[in-house]
Amino acid sequence: MVVGKTAAGPLYSHLIHLVDGASPIDLLDPSWELYLLVEKKTDEQGGIYNILLGFTALYRFYHYPDSSRLRLSQILVLPPYQHKGYGRYILEVLNHVAVSEDIYDFTVEEPLD
């Protein structure tokens, strides 16, 4: 999901405060991609709603001549859902995205101290 002007933009600005030492990203920069992990639930009346479990922010770089590079900038699984394999699942999905899109490389941003 590309963040930009989508509804995920305001959501991200609330979530960033939960990531220790994170710097906010430029939501209008189209190179940023935000992936949300949600669980679909059904209530007693049959209504469907989503529960946010976690998210990750990626930056897409151009790689000469016709490829891209992905850099994982931020990843967060919300506290009630930690230690249940969701972080691993997010990384597996991102790896699948990288392979299916023939990404040159997929790296993790080194945190600033």
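Read-outs throughout are calculated quantities, based only on the coordinates presented, and are distinct from any laboratory measurement. Owing to the predicted nature of the structure, the values given are computational and were not obtained by experimental measurement. For neighbour counting, all protein chains shown are included, and Cβ atoms are generated from backbone atoms with ideal geometry for every residue, glycine included.
Numbers for the structure displayed
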| read-out | value |
| --- | --- |
| Fewest-first ranking of HIS63, HIS83, using other Cβ atoms within 10 Å as the exposure measure | HIS83, HIS63 |
| Evaluated over the stretch 41-113, the Cα radius of gyration and Dmax, each in Å | 16.0, 53 |
| Point-to-point label distance, TYR89-GLU44, nm (Cα→Cβ direction, 7 Å offset) | 2.6 nm |
| Whole-Hz couplings from phi, Karplus 6.51/-1.76/1.60, listed for the stretch 62-78; x for Gly and Pro | 6, 10, 4, x, 8, 9, 9, 10, 10, 10, 6, 9, 9, 9, 8, 10, 4 |
